[in-house]
Amino acid sequence: MPARPSAANRAPGGARPAADPPDAAQPPAEPAGGPGAGPAPAGADRGGGRGGSFWAGLGSRRILGLSPAGLIIAAATLLAVGLRAYQLARPGHLLAATEYDDGADFGSALRLAGGAIPYRDFITVQPPGITVLMAPAAMAAKLAGTDAAMAAGRILTAAAGAAAVPVAGRLVRHRGLTALIIVCGLLAVYPSAVQSAHTVLLEPWLVLACLAGAVAVFDGDRLATSTRRLAWGGAALGFAGAVKVWAIVPVAVIAVLCLPGTRRLLAFAGGVAAGFLIPVVPFALAAPARFWDSVIVAQLARTDVRIPFGYRVQQMAGLAVGHPAAAVLAVAGALFVLLVFGSFAAAWRVAGRPPPLDVFAAVSTLLVIGIFLIPDDFYYHYAGFLAPFAGLTLGLSAARLLAAGPGNTLAARLGPARFARLGTAVTGVAGLAILVLPFAVPRAENAPTPVYPRSALEAAIPSGACVATDQASLLIAINRLSSSVPGCSLMVDATGTDYVLGRGRNGLSAGTVPAAETAWQQAFRSAQYVLLTPYQYLRVAWTPSLTRYFDANFTFVDGDWWPLVLYARNGQPGT
C-alpha cells in the first residue's frame, strides 16, 4: 500500500457631449455631482454640477473616446485581464495539473464529450452548469488532446473572471466614479477572485452569472418594474445556481426585495426556475436518485477535517500570502468588517435609508460570510464569491457618503468646497490603493497550488491505458483520462465519490460503507496503472481488502515525477 503522508489537502458621472446622438439603448449619463454622486433629483441639471471638484470637472471630457466612467471600467477590465493572464503565463500553469477541483469539473465535461452522462455513469457533486459551459472546450480534446482542451477551459474561465468587472461597472455606473473605482477595482485585484480564475473553477462563472442577473433585475438603485427584465435576471441567477448552489443567496435576497407584491416575484421566480431547470433536468432525469444524493444530500451530509477560522479570515480579508499571526488576522478581519459594514451603517446614518441595490449588496455579503464560516470545508478559491458583494457594499456605501444630495448631513456640516475636496481625496486614494495592491504584496494573486510534472509520466504510461487516480487533473494533463480498456472506471471526482457513496465521509472512513468500497475495488481491478498524490489517503477509500489487493497486484514504478507515486499492474511495462 502507498505511504500515507501527514499533509492535509487544505490550507493551504457628467452628461454626454451634445455631439452624441440620443439613443435609448445607451446607459443613463453619469451623475454630475462629483465622484460619489447618486442620481440627480428630478428636474436637476445633469449636464454640469457645481462644487469645484476635480472629478466633477471631468464630467464633460472624453479620453480616447470614453467618458470618465467608461475609462475607469476599461482600465479596471484591462487590469483584471492582465492579472489573470499572468496566472496562466506562469510556467506550467496553462497545460500542467495544478488543482484538484478542475479535474472533477472539466473531467465531467470530457466524460460527457465521450458519451458518458454525469450522475448516471459517474459521480460529480456539483450541478451540471460547469459541465455544460465546458462542453465546447471539451470537444476540442478529440482533435488536440485533453491537455489543450483544459487550456482552452482555463482561458475561458480567466475571461469569465475578467468579464465580471465591466458587468459590475454597468450595475453601479449610475452611482458615480467613486462607486466605479471601488467596485470594479476590487473585483479586478481581489486575490481570491484572481486565484479562482487560474483554472477551471466554479467561482468566476458563478460571479459572472450573478452579476449579469443583478444588472437585469435592478434599474438603477431599484428593482426593475419590467417583468421581462425580472424574468431574464432570474434566468441568469437560476443558471448561476446550476453552476453552484451558493447562488441561492442573491436569489433569496432579491426575492424578498420583490415583496410584498406578487407580480414581480412571480416573474423573477419563473426566470430563476427556467434558468436552473433547463440545464439541470436532462441530467437529473437520467439518474434522479443519484443526482439528488450527489448535489443535495452529499453537500449537506459531508463531514471533514474542519478548516481553521483564521484561514477563512485570511482568505476573505485578502491576505492570501504566507501565514499571518493570529493578531494580524484579528486586525485584518476587524478592518474588513469595519470597512464593509461600517461604511454601510455610516451611509445609512448620513444619507438616510439605503436603496434596494445597497440592501441587496450588504445582505448578500453578510449571508455569504455566513456560508463560509459554518461548514467544515473551506478552500482558497471560495472567497472569490465574496468579492462582488463586498465590493458592491463598500463602493455603493462610499458613493452615498460622498453624494452631495439633499439630506446628506456630512455635506451640510462640511460645506460644498470641503465636501468636494473630501470626495476627490477619497476617490483618488481608493483608486491609488487598488492600483498598488497587486504590486505591494508579491505573489498575492498567485494560486497556492503546485505544478505537477507531466512529461515523464506521459512517457511512462502508454496511450489508451486504464489508469486509476485520486486526482483526475493529472490524467487530463498527460492525455490519459480516456482509456481503450473495457470496463475502465469513469471516476473523475475521488472525493466526491467518497462523499456520495460513503454518506458524507471522505476517504479516511468512506470504505466502511460497502458502496464506496465497491467503487474503489472496481477502479483498481480494471486499472493497469495507479497514479497517486500525497493526498490519496484523504481520497481513496482504503480498506484492508483493497489494500491487500493493491499490494498483491501492483508494483512501484520509479521515475522523475515526485511528489506523485506511480504503480503498474504486475506484468505491465515498467514493472
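Read-outs throughout are calculated quantities, based only on the coordinates presented, and are distinct from any laboratory measurement. Small disclaimer: the values here were computed from a predicted structure and weren't measured. Cβ: placed from backbone, ideal geometry, glycine included. Neighbour counts: every protein chain shown.
Listing for the model above:
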quantity: Sequence of Trp562, Trp205, Trp246, Trp292 once ranked by neighbouring C-beta atoms within 10 Å, starting from the fewest; calculated: Trp562, Trp292, Trp246, Trp205
quantity: Segment 453-507-segment 102-151 distance, computed between alpha-carbon centres (Å); calculated: 13 Å
quantity: Added length on full extension, which subtracts the Cα-Cα distance from 0.36 nm per residue, Ser526 to Val331; calculated: 64.9 nm
quantity: Diffusion coefficient, µm² s⁻¹, Stokes-Einstein with Kirkwood Rh over alpha-carbon pairs of segment 104-177 at 37 °C and 0.692 mPa s; calculated: 240 µm²/s
quantity: Loop-located trypsin sites (Lys or Arg not before Pro) in segment 439-533, at most 15 other Cβ atoms within 10 Å (DSSP); calculated: Arg443
quantity: Where chymotrypsin sites (Phe, Trp or Tyr not before Pro) fall in DSSP loop in segment 477-575, at most 13 other Cβ within 10 Å; calculated: none
quantity: Antiparallel content of DSSP bridges confined to the chain, in %, to 5; calculated: 75 percent
quantity: Rg over Rh [alpha-carbon atoms, Kirkwood Rh] for segment 455-569; calculated: 0.94
quantity: Free-standing Cys residues across the chain, given no other cysteine C-beta under 4.7 angstrom; calculated: Cys184, Cys210, Cys258
quantity: Matching label, P(r) over Cα pairs in 20 Å bins from 0, in percent computed from the structure shown, candidates [x] 19, 45, 28, 8, 0; [y] 23, 60, 17, 0; [z] 20, 50, 24, 6, 0; calculated: [z]
